[in-house]
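The values are calculated or read from the model by the stated rules, or taken from the named source; none is laboratory data. The structure displayed is predicted, hence computed values, not measured ones. Cβ atoms come from the backbone with ideal geometry, glycine included; neighbour counts cover every protein chain shown.
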Amino acid sequence: MLEKHPRISILDMASGLGASRAATKQRLDRLLADEVVRVIGLADPAIFGLCALALISVKVNEAPRAVAQAFLGFSAVSWVTTTTDPTIVLAQVAFSTNVALSEFVDSSLRSLPAIDRVDVDLVVAVYNPLRDGVPLCPAWPLSALPSSPLDTVDRAIIDFLRLNGRASFVRLAEAAGVSTQTARQRTLRLLDGGHVRLRTLVDAVAAGRPFRGEVHVRVSGPVRNVVGEIAAMADVHYVVHTLGRFDIYADINSATFAGLLRTRTEIAQLAEVSKVEFFQHDQTTTTNPVWG
């Protein structure tokens, strides 16, 4: 229910589950408190002036965890992960321009002593998995940016929703320093206008899918066709259309390592796929999620 309707009321949830309101609230509160489930707001980074997103693959000579830790010292990093390949560290970054991204790669990354090679793929679009007949539609960039600049109230509401997408209008009003009615109007405008999207994140381990990896894909035909095929695969978490060394990144969550390999094989066997690289995530740290 939360995946389809992240701000569903306790009453409607209880009705759908056939449970009492008290029991439903207690169960949901526990899931949220234990961070088994999180509801967050995703805003297009362009709203904050971040128009250059990239996925970075770094080959290191030694100490991959130290390199990953160094990444976390940069505010532009959204997440970073070591992999079961001790020579590879992966990350996502967001900058205002491609020039700023280039300067970061040249001045900050290539100056780290353990780094042997840096590969950068620019993000064109991000797609959520195809489920329940939902058509292929980008989760980023969002379809609509505000027609006028956001003010401090809008930004305060967005910042709070990014932490808690189910925050009450009372909490949002407190965070933005406005009345509850104003907070409700602003929040609904941001949500209905598509400026912010809510996403329900389920802890992969708690959901029985503790194995995570990604497949980097090069294709010989139209990228969107292959994106759709990959997004329809059962274990795919999201799909990224990129521009650079690879055309597509597929993020995978599976119950078993064999499941990761199975999805990798399914992707490699697609007719228009010419090359794949597979990496199993080891230790991932998320600092500023752009998409779920």
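Numbers at a glance
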quantity	calculated
In the stretch 11-40, the residues that are among the polar types (S, T, N, Q) and surrounded by 16 or more Cβ atoms within 10 Å (Cβ to Cβ)	Thr24
Count of the stretch 231-261 residues which are surrounded by fewer than 22 Cβ atoms within 10 Å (Cβ to Cβ) and either without any contact (Cβ under 8 Å) to a residue 24 or more places away in the chain or of a type in the set (A, V, I, L, M) (or both)	8
Among (1) in contact with a Pro (Cβ under 8 Å, 6 or more places away or on another chain); (2) exposed (fewer than 14 other Cβ atoms within 10 Å of the Cβ); (3) among the β-branched types (Val, Ile, Thr) - the single one Thr84 does not satisfy	(1)
Unmet criterion (only one of (1) at pLDDT below 90; (2) surrounded by 14 or more Cβ atoms within 10 Å (Cβ to Cβ); (3) polar (S, T, N, Q)) for Ser143	(2)
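Okay, residues lined up against (1) part of a helix (DSSP H, G or I); (2) more than 20 Å from Leu190 (Cα to Cα); (3) assigned by TED's automatic domain parsing to the domain that holds Ala167:
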{"site": "Leu2", "(1), (2), (3)": "no, no, no"}
{"site": "Ile8", "(1), (2), (3)": "no, no, no"}
{"site": "Asp12", "(1), (2), (3)": "yes, yes, no"}
{"site": "Gly16", "(1), (2), (3)": "yes, yes, no"}
{"site": "Ala19", "(1), (2), (3)": "no, yes, no"}
{"site": "Ala22", "(1), (2), (3)": "yes, yes, no"}
{"site": "Arg27", "(1), (2), (3)": "yes, yes, no"}
{"site": "Arg30", "(1), (2), (3)": "yes, yes, no"}
{"site": "Gly41", "(1), (2), (3)": "no, no, no"}
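Yes/no matrix, rows are residues, columns are (1) over 21 Å from the mean Cα position of the chain (by Cα); (2) crowded, with 19+ Cβ neighbours inside 10 Å; (3) touching a residue at least 40 places away in the same chain (Cβ under 8 Å):
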residue	(1), (2), (3)
Ala66	yes, no, yes
Leu72	no, no, yes
Gln92	no, yes, yes
Ser96	no, no, yes
Val99	yes, no, no
Leu112	yes, no, yes
Ile115	yes, no, yes
Leu122	no, no, yes
Ala125	no, no, yes
